[in-house]
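Heads up: the structure comes next, in structure tokens.
Every number here is computed from the coordinates shown, using simple stated rules; none is lab data. Computed from a predicted structure; not experimentally measured. Cβ coordinates were reconstructed from backbone atoms using ideal geometry, including for glycine residues, and neighbour counts include every protein chain displayed.
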């Protein structure tokens, strides 16, 4: 592809003094190769396709994260023109260098502060990485939910999530190279595994076999580090995921939502959901919809955002 002549301006996306913008977009062939005067983090949430820059073409698939600095020309394309049948869905997190200046005053860790400074000064080139433990996806889901369903303090909460995202990127790029795997970090891998595989028929014995620990010791670790049994921890993960789906998929029947998060018995799902959330799934969805602050539709997202 040739160099982009199409430049996206941050003023079209940043509002209310919040130098951050988040959306979820289904990629099409409409947006041309483009650059922008802001920095972008794009996470592939569904499907597969391609990510084009001036220099190369990369395959884009679920779990890939792309860092696109100011002025770098790029675009996402689905693998098929039938975007509804084979969609490529991307979360976009856009932010300005001014945001990084603001955060410099609240970051106490020297390596993270230096990393932000490097990003601001365009010393970090475009890169991509694979979200191997689900930590990046979880943060994008939280960012998108908080941005599209704002509550009191959402601006502050969005900044804390963004800082978590930057720290996570730094750790994935640097810490794996310098720190040995310890027992605590192995347990973190188990928690990340649950965050990814929550819809499967997970059991404590399955985790014990997979990670080579005894069931008894693993149960003790859950109580020590999460304050919950494995069973309750899994229930909470599933219900949290279902809350996101109930809002994102407003027209999907509740039994389908239940199945997507690992419950094949809708009655059990309803009971667990009400115990944890305090209201049934239908009531939760209705209350969220009544606020009018629903996640953007595919069409709205594509109209409002650079798709990558």
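Apply 1/(1 + (r/R0)^6) to the Cβ-Cβ distance of residue 5 and residue 154, taking R0 = 51 Å, and write down the FRET efficiency to the nearest 0.05.
Numbers: r = 36 Å, r/R0 = 0.70.
Step by step, r from the Cβ atoms, then E = 0.90.
Exposure proxy ranking for 101, 212, based on other Cβ atoms within 10 angstrom of each Cβ and starting from the fewest, stands as 212, 101. For residue 268 and residue 193, the difference between the fully extended length at 0.36 nm per residue and the C-alpha to C-alpha distance is 24.7 nm. Extension gain for the segment residue 58 to residue 12, taken as residue separation times 0.36 nm less the Cα-Cα distance, is 13.8 nm to one decimal. Only helical runs count toward this figure. For the chain, summing -39,500 (n - 2.57) over DSSP H runs of n ≥ 4 and dividing by all residues gives -14000 deg cm²/dmol at 222 nm. For the stretch 53-93, the residues whose backbone nitrogen is under 12 Å from a point 7 Å from the Cα of residue 29, taken along Cα to Cβ, are 77-83. Counting Cα-Cα pairs of the stretch 53-209 in 5 Å increments starting at 0 gives whole-percent bin shares of 1, 7, 13, 17, 19, 18, 13, 8, 4, 1, 0. Summed over all non-identical Cα pairs, the Kirkwood treatment of the chain gives a radius of 20.9 Å. In this rough spin-label picture, where each label sits 7 Å from Cα along the Cβ direction, the residue 101-residue 130 distance is 3.9 nm. Taking the longest Cα principal axis of the chain as reference, the axis of helix 183-197 is set at about 80 degrees. Helix 215-226 axis versus longest C-alpha principal axis of the chain: approximately 60°, rounded to the nearest ten.
Give the order of 243, 61, 93 when sorted by the count of other beta carbons within 10 angstrom, beginning with the fewest. Intermediate results must be reported in sequence, preceding the final value.
Values: 243 20, 61 16, 93 23.
Least crowded to most crowded, the residues run 61, 243, 93.
For 256, 202, what's the fewest-to-most ordering of other Cβ within 10 Å of each Cβ? Provide the component values of the computation, followed by the final result.
Working: 256 11, 202 19.
Final ranking by Cβ density, sparse to dense: 256, 202.
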